[in-house]
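A.B. asks: Okay, handing you the structure first.
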Amino acid sequence: MVAADLEGPYEPAVSRADLGLRVHWCVLPFRVLLVLASHRGIQMYESDGSTMVYWHALDSGDATPVQAVFARGIAASGHFICVGTWSGRVLVFDIPAKGPNIVLSEELAGHQTPITDIATEPAQGQDCVADMVTADDSGLLCVWQSGPEFTLLTRIPGFGVPCPSVQLWQGIIAAGYGNGQVHLYEATTGNLHVQINAHARAISALDLAPEVGKLLSAAEDTFVHIWKLSRSPESSYIEAAPLL
């Protein structure tokens, strides 16, 4: 059992769900960490949950009295763990092979509104590979190449609708939006290939089965849909076929 540190003051107008407790297993090449993100900070535990190896308190910084301070969006990329924040910055933590000597190595500044989600996939040693995408409350997507220093490759503009969930698969970005649409983009260029009117209400989550390329979307309309992602062998164009 892991006890999350959720004590402390918060704005009465902001619900706990908005501040959010996010929990994610981060599978690194050499260890697995359990990461918790909340309005207080970021906690990292050993895989069995018995020992907290790192605690990062959130700095309210330039937050106004009416702004909620929180961390949201967690993903592992190589030997780094990335966590999004209320300010739009993404904190990059360098994780050692063992022990608690975790270092905040970088802060990525590609967003102006709170991070909603982060997705990664293995780069597999290729050059100029887009292996991480971050999303925010305005719908903006930032595509990154991970490494000792993360590089911003492209921005995919938002259109005033939040992007609560994003996935990355074989160079394809799947983004779920607050208007119920799912968009499929080419990660390296940011080009939109497919726009799906998937749900009648806001997308709440996307999930992906990477071995078979199946994408699951869940929304506030209470429906769950499954889509089969693929690329045309002739044109390499991205395609999506409904399965459920």
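The values are calculated or read from the model by the stated rules, or taken from the named source; none is laboratory data. Predicted model, so just to flag it, every value in this text is computed and none were measured. Cβ placement follows ideal geometry from the backbone for every residue including glycine, while neighbour counts extend to all protein chains displayed. Side chains are part of the model used for accessible areas, which takes the heavy atoms of the whole protein and leaves out ligands, DNA and RNA. Shrake-Rupley method; radii C 1.70, N 1.55, O 1.52, S 1.80 Å.
A.B. asks: So, in segment 188-230, exactly how many residues are among the polar types (S, T, N, Q), in a loop (DSSP other than H, G, I, E, B) and over 26 Å from Leu153 (Cα atoms)?
C.D. replies: Just the residues of segment 188-230 that are among the polar types (S, T, N, Q), to begin with: 188-189, 191, 195, 197, 204, 217, 222, 230.
Then drop every residue that is not in a loop (DSSP other than H, G, I, E, B), which leaves 188-189, 191, 222.
Checking which are over 26 Å from Leu153 (Cα atoms) leaves us with 222.
Counting residues in segment 188-230 that are among the polar types (S, T, N, Q), in a loop (DSSP other than H, G, I, E, B) and over 26 Å from Leu153 (Cα atoms) gives 1.
A.B. asks: Sticking with this one: In the list Asp207, Asp221, which residue meets the criterion of being in contact with a Lys or Arg (Cβ under 7 Å, 6 or more places away or on another chain), surrounded by fewer than 23 Cβ atoms within 10 Å (Cβ to Cβ), more than 19 Å from Ser236 (Cα to Cα) and charged (D, E, K, R)?
C.D. replies: Asp221
A.B. asks: Across segment 98-115, what is the total count of residues that are β-branched (Val, Ile, Thr) and more than 19 Å from Gly160 (Cα to Cα)?
C.D. replies: Qualifying residue count for the region: 2.
A.B. asks: Still on this model: May I ask you to list pairs of residues, at least six apart or on different chains, whose Cβ atoms are under 6 Å apart, with the first in segment 192-214 being on the phi > 0 side of the Ramachandran plot and the second being part of a strand (DSSP E or B) and crowded, with 16+ Cβ neighbours inside 10 Å?
C.D. replies: Gly213/Leu229
A.B. asks: Same structure, new question: What number of residues within segment 157-213 satisfy the criterion of being at pLDDT 95 or above, farther than 16 Å from Asp117 by Cβ and of a type in the set (Phe, Trp, Tyr)?
C.D. replies: 0
A.B. asks: Go through (1) in contact with a Cys (Cβ under 6 Å, 6 or more places away or on another chain); (2) open to solvent by 40 Å² or more (accessible area, probe 1.4 Å); (3) part of a loop (DSSP other than H, G, I, E, B) and name the single condition Asn179 misses.
C.D. replies: Against the list (1) in contact with a Cys (Cβ under 6 Å, 6 or more places away or on another chain); (2) open to solvent by 40 Å² or more (accessible area, probe 1.4 Å); (3) part of a loop (DSSP other than H, G, I, E, B), Asn179 comes up short only on (1).
A.B. asks: All but one of (1) surrounded by 22 or more Cβ atoms within 10 Å (Cβ to Cβ); (2) under 24 Å from Gln181 (Cα atoms); (3) of a type in the set (S, T, N, Q) hold for Thr154; which doesn't?
C.D. replies: (1)
A.B. asks: Condition check: assigned to a loop (DSSP other than H, G, I, E, B) and open to solvent by 70 Å² or more (accessible area, probe 1.4 Å). Does Pro233 satisfy that?
C.D. replies: Taking the combined requirement at face value, the residue satisfies it.
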